[in-house]
Structures are given as C-alpha cells and as structure tokens.
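Undergrad: This structure is in structure tokens; I'll ask about it shortly.
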C-alpha cells in the first residue's frame, strides 16, 4: 500500500482516484468542493486543503487537470506542491500539456530529486470509469517501473515511450488520429442519412471490416441520434490540437487536414457547443 495524493477529481480523475483507493492510502485535492464531497461519500480517502502544506508525506502524487497553466499552478507556483514532495517520490501527470512545459518541469523536479513522469491518457470518461485507459508514459524508466502497478489500477494498456516528453508527443499523435477519424465518420453518417439504409445495419456490417475503429464502436449511434452531452469536450480537443499545431511548427511541418477539422470545431464553439463531445462534428 502506497500513500498517494490525487490532484484533480474531474470526469476522468474521479473514477481513477476511486480505483487507487481500493488498494492504497489515497488523499485527494480538488478546487471544486462539490466533487470532493461526492468522492468522499463513495470512496475511502482523505482531503488535502492546501498543496503547499502536504509536508513530504506521499510516495506518489498524481495529477489529472486542464492545461499548462493549471499544471504549473499546482506544481511550481508559490502555492504549488513541488517544494513539499519528498526525495525519490514520483509525480505522475495524466494531463495533456505541451512538451515544452514537460521539459521545464522535469528539470525543476530533477533539481529537487523528485521523479516526474508525463503520462497522458486516452480512452475517455468511459475508459476511466471502466479502468481501461491507455497510458503513454515518458520520463525515467526506473520511476516508470516503480509506478506501473499503480497505473494498472485504472489502465489497460500502459506503455513506456521513452525520455521525458515522449508521453505527450505520443498523445499529440493520438489526437491527430482522432480528429481525422471523427471527421471521416461524420461525413459517412451525413452521406448515410441521404439514403434509405438502416443505421444499425450499416454499423453491424462496416464495424466488422476495415472501417472499424473505437470511434465507430462508441460514437456511431450517438452521432446518428445527435447526442453530444457527454464525453470529451470540444474545448479540450481544441486545446490539445493547439499543442499539436505548436509542436508541428517546431518541426517545420503543416497538419493540413487537422487544421480543417479544428476550424469545424471552432464553428461548433461559435454555436455554443463548447462542452459537446468531439463527435459533434457530425
């Protein structure tokens, strides 16, 4: 049993911290008190009120939050936790943030003899709830090995990708793929609706062939029914794609199709669909 602090009890972090609490001594930190109260009513754990006062008591600190600014705030700001982490402990970040920030944090953590792993996740809210997330990890390999059993609490596919930042680079590739897949699926559904075909029959046959994908299996029916009030928000997808575009610019390459899809997501935001699932492209 390890002493674990989980930061960020949102749609993803809530069930992830819950899985950890089954076999570990878990404390949680979250800005929203409502989420904290709900989590503590379901799972066994403790509440941390102040990150700058955790007093070097945790073996692992795990975060799952929004963006670069949020991650900097909880780690290296005046109210952050870095100065309160004990030597040789491991900080695992499941957020999708820029490789540039990961490089900065890895240096800051290393100076204080704390391991930092960038470990973004894929699989959506359902993956978190079912404990079947894919986790792509960058950083020190020994720290990864030390952390792997914890990650198995809510991860189905866990892969060490290489040096610090490798996890985030892999997640960028993942998001580029998803953007293209959803756009292709959206156009296919739009075409299908012009025909007399039965959606269930179409899904049954094409999901057994080369067109099969996670998006098709999990989003086809809801896309047909225009149901988008769940899942991975358009706002978050655009944040992730902006990271992809910035990194592509560093490489001197252009993500032409991904930019087209991003423009479509911008239109959805203009229509008020900021919190819609990414499948709302249809």
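Undergrad: Give the shape of the range 3-162 as rounded, prolate or oblate, defined through the alpha-carbon gyration tensor: a ≥ b ≥ c are the square roots of its eigenvalues, a/c under 1.5 means rounded, and otherwise the shape is prolate if a/b is larger than b/c and oblate if not.
TA: It is rounded, given that a/c, with a ≥ b ≥ c, falls under 1.5.
Undergrad: Could you tell me the distance between the Cα centroids of the range 37-80 and the range 114-138, to the nearest Å?
TA: Measuring centre to centre over Cα atoms gives 17 Å.
Undergrad: Once both axes come from the Cα atoms, what is the angle between helix 99-111 and the longest principal axis of the chain, in degrees from 0 to 90, rounded to 10?
TA: Rounded to the nearest ten degrees, it is 10.
Undergrad: State the extension gain, in nm to one decimal, for the chain segment bounded by residue 235 and residue 132, taking 0.36 nm per residue of separation less the distance between their alpha-carbons.
TA: 34.7 nm is the gain from fully extending residue 235 to residue 132.
Undergrad: Between helix 234-251 and the chain, what is the angle of the helix's C-alpha long axis to the longest principal axis, kept within 0 to 90° and rounded to the nearest 10?
TA: Rounded to the nearest ten degrees, it is 80.
Undergrad: Let me ask something else about it. Could you work out which residue, out of 11, 174, 226, moves most in a Gaussian network model of the chain, that is, has the largest mean-square fluctuation with Cα springs under 10 Å?
TA: Comparing 11, 174, 226 in a Gaussian network model of the chain, the most mobile one is 226.
Undergrad: Helix 33-42: angle to the longest alpha-carbon principal axis of the chain, degrees 0 to 90, nearest 10?
TA: Once rounded, the angle reads 90 degrees.
Undergrad: Moving to a separate point now. Could you check what % of the DSSP bridge pairs in the chain are antiparallel, to the nearest 5?
TA: Given both bridge residues lie in the chain, the antiparallel proportion sits at roughly 15 percent.
Undergrad: By how many nm would the segment from residue 111 to residue 269 lengthen if fully extended, with 0.36 nm per residue of separation less the alpha-carbon distance?
TA: Taking residue 111 through residue 269 to full extension adds about 52.8 nm, to one decimal.
Undergrad: Using only Cα atoms, figure out Rg for the range 169-281 and give it as a multiple of 2.2 N^0.38 Å.
TA: 1.11
Undergrad: Under 1.5 on a/c is rounded, so check that first for the range 72-176, then, if it is not, pick prolate when a/b is larger than b/c and oblate when it is not; a ≥ b ≥ c are the square roots of the alpha carbon gyration tensor eigenvalues.
TA: Prolate, since a/c reaches 1.5 and a/b exceeds b/c.
Undergrad: Using a Gaussian network model of the chain whose springs link C-alpha atoms within less than 10 Å, name the residue from 258, 195, 75 with the highest mean-square fluctuation.
TA: Highest fluctuation among the options: 195.
Undergrad: Give, in nm to one decimal, the length gained when the segment between residue 23 and residue 56 is fully stretched (0.36 nm per residue of separation minus the Cα-Cα distance).
TA: Once the chain is fully extended between residue 23 and residue 56, it gains 9.8 nm.
Undergrad: Return the distance in nm (one decimal) between the two label points of a simple spin-label model at residue 34 and residue 260, each offset 7 Å from Cα along Cα→Cβ.
TA: 4.0
Read-outs: derived from the displayed coordinates by stated rules, not from any lab. For clarity, every value in this text was computed on a predicted model and none was experimentally measured. FYI the Cβ positions are ideal-geometry reconstructions off the backbone, even for glycines, and counts take in every protein chain you see.
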